[in-house]
1. Rounded to the nearest 0.05, what FRET efficiency do Ala130 and Glu5 have when you use their Cβ-Cβ distance and R0 = 25 Å?
2. Give me the one-decimal Kirkwood hydrodynamic radius in Å for segment 1-92, with the sum taken over alpha-carbon pairs.
3. Could you tell me the convex hull volume per residue, in Å³, taken over the Cα atoms of segment 71-114?
4. For the chain, find the longest principal axis of its Cα atoms and tell me its angle to the long axis of helix 98-126, 0 to 90°, nearest 10.
5. Using the Karplus curve 6.51 cos²θ - 1.76 cosθ + 1.60 with θ = phi - 60°, work out ³J(HN,Hα) for each residue of segment 11-21 in order, rounded to whole Hz, and write x for Gly and Pro.
6. Can you give the angle from 0 to 90° between the axis of helix 67-88 and the longest principal axis of the chain, with both taken from C-alpha atoms, to the nearest 10?
7. Ignoring ligands, DNA and RNA, what percent of the 1.4 Å accessible area of segment 43-149 is carbon and sulfur?
8. What translational diffusion coefficient, in µm²/s and rounded to a whole number, does the Stokes-Einstein relation yield for the chain at 25 °C and a viscosity of 0.890 mPa s, taking the hydrodynamic radius as the Kirkwood radius over Cα pairs?
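The values are calculated or read from the model by the stated rules, or taken from the named source; none is laboratory data. Model, not experiment: these values are computed from the prediction. Cβ: placed from backbone, ideal geometry, glycine included. Neighbour counts: every protein chain shown. Only protein heavy atoms, including side chains, enter the accessible area calculation; ligands, DNA and RNA are left aside. Shrake-Rupley method; radii C 1.70, N 1.55, O 1.52, S 1.80 Å.
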Amino acid sequence: MSHFEYVSVANALLNALIVGRLLSGLSPALDHRRRYWVHAAWIFALLLIAALQWWGFWGARNVAWTPIRFLWALSLPGLTFVNATVLVGDSPGSVVSFRDHFFDRRVLFFSISLATGASVALGPWINGGAPWFAVTEIHATAASIMVLSLAGLGFQGHTAHATIVSLALLVAGATFLIPV
């Protein structure tokens, strides 16, 4: 087995944990008595992001792997798993209002999203896929993540967060168009 295969197995396992965590919270989040559509939309956005991470990892097949690059490659799904845990919570079945739950965890959620954007931005440089300070297509995605995260940290109202999650879903969908 090549180094890429070892790293991709670790990446796939982390992404499977993300999906499992999110799916465990999906049914309670969709319960009509407690539902907050912005929260549910973020669950779907993170599911899409997990699929993107798994699919996009193929672009790293030619990386000359080192322990630092291995750890960096796991930072993105690791941060996404932590964010999924923050979003869904420890016991989603006991959440009375997902609106209150979302706004209680908003700062932590968007702080981790900001770190995720930084991880995405630095990835091509750390993995040797781009010369330092060269800008690639992935940097537009990273900038979008960071701007949306800063907006999520700054704004507290429903309308702003509805707009932010809608834009996040658009960015995630558009990211599927970037060739690997």
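1. That pair, Ala130 with Glu5, gives E of 0.60.
2. In segment 1-92 this quantity evaluates to 14.0 Å.
3. Details: hull volume 2.6 nm³, N = 44.
Dividing the Cα hull volume of segment 71-114 by its residue count gives 60 Å³.
4. So the inclination is approximately 10 degrees.
5. 4, 5, 5, 5, 5, 5, 5, 4, 4, x, 4
6. Helix 67-88 and the main axis of the chain meet at about 10 degrees.
7. 72 percent
8. 147 µm²/s
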